[in-house]
1. What residues have an amide H closer than 5 Å to that of TYR210, excluding those fewer than 5 places away on the same chain, when H is modeled at 1.01 Å from N in the peptide plane?
2. Order these peptides, 127-139, 103-115, by their mean beta-carbon neighbour count within 10 angstrom, highest first.
3. Which far-off residues, 5 or more places away or on another chain, put their amide H under 5 Å from the one on HIS97, with H placed in the peptide plane?
4. Just to be sure I follow the rule: in the range 74-237, considering lysines 8 or more places apart or on different chains, how many pairs have Cα atoms under 18 Å apart?
5. Over the Cα atoms of the range 74-237, Rg to Rh with Kirkwood Rh, two decimal places?
6. Give me, ordered by chain and number, the residues 5 or more places off GLU129 or on other chains with an amide H under 5 Å from its own placed amide H.
7. On full extension of the chain, what length is gained from ASN83 through LEU26, given 0.36 nm per residue of separation minus the C-alpha to C-alpha distance?
8. Give me the dipole magnitude in Debye, nearest 20, for the range 74-237 about the Cα centre, with unit charges on the beta carbon: positive for Lys and Arg, negative for Asp and Glu.
Amino acid sequence: MSKKEIPHKPVQESSTRRRFITFPPLWLLLASIICVLGLVFSVTDFKDTLSSLVSHLESPVHDHPTTQIKPMSYPKTITGGCNCGGIRYQIDFAEDHDWKSAGHACSCTACRKQTGSLALYLHSAQKSELTWTSKSTWAEFSSAPGSFRVFCKACGSSIAWQDREDDSETGITIGSIDEEFLVGKRDADDKPVGGFGAALVNLDGGEHYYGRNAIEGVTDKSRGIWYWKGGVGVQFQACNFSST
Ligand SMILES: [Zn+2]
Ligand SMILES: [Zn+2]
């Protein structure tokens, strides 16, 4: 045996130490209570911080939603319609569908009034791609000569924008696309999987009309190519409003 055993020495407690253990002084009691209260509050703060962190992780990134879907995936077929189901459509995208320019948005007054939203998001479908599978509650309204807007006369949903002379394409309201395609199908944890919203809206390359109506601090930060008015004319970035 190389290790030498060290015998335990019995420790004699002094009478002062015994008194201290049995009757601790008042200042020590108060200090202990303060420490315990401090610990309780810090644990509460920690729990709050932890729960806010968890909720943040559960609802990821509100500021830049499009960065969540990478690489961009594109649908072959989507369906959509109004709230009551009176108007329904299906879009079968062609191989050469122009994903770069089909998604666009407009902040003009008529688009706002029609939808009740701060901006109208549309995706242009070619005539050969679009099939109206139900038109039982179809209604039209012209907010400007040469075009009309399709809405449901039963539930009021805004469905499409159409040029009267050129019917080669139709602007479908992106909000009317069925959730399973726009957001994604729900998995067992109710999380959306495989939605095509980013591709349909195309915020990075899509055009945004009537930037003059953008609302400071709300819609003026949307990405895309902005135009001051309509789809032609001055192009600018939304974040440069004040200098344009
Ligand atoms: Zn309807
Ligand atoms: Zn508009």
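Taken together, the values in this text are just the output of simple stated rules run on the coordinates, not laboratory data. Just so you know, these numbers come straight off a predicted model, no measurement behind them. Methodologically, a virtual Cβ is constructed for each residue, glycine included, from the backbone with ideal geometry; neighbour enumeration extends over all protein chains shown.
1. Under 5 Å from the amide H of TYR210: SER107, TYR227, LYS229, GLY230.
2. Top to bottom by mean Cβ count within 10 Å: 103-115, 127-139.
3. none
4. Lysine pairs satisfying the spacing and distance rule in the range 74-237 number 9.
5. Ratio value, two decimals: 0.96.
6. none
7. 13.4 nm
8. 560
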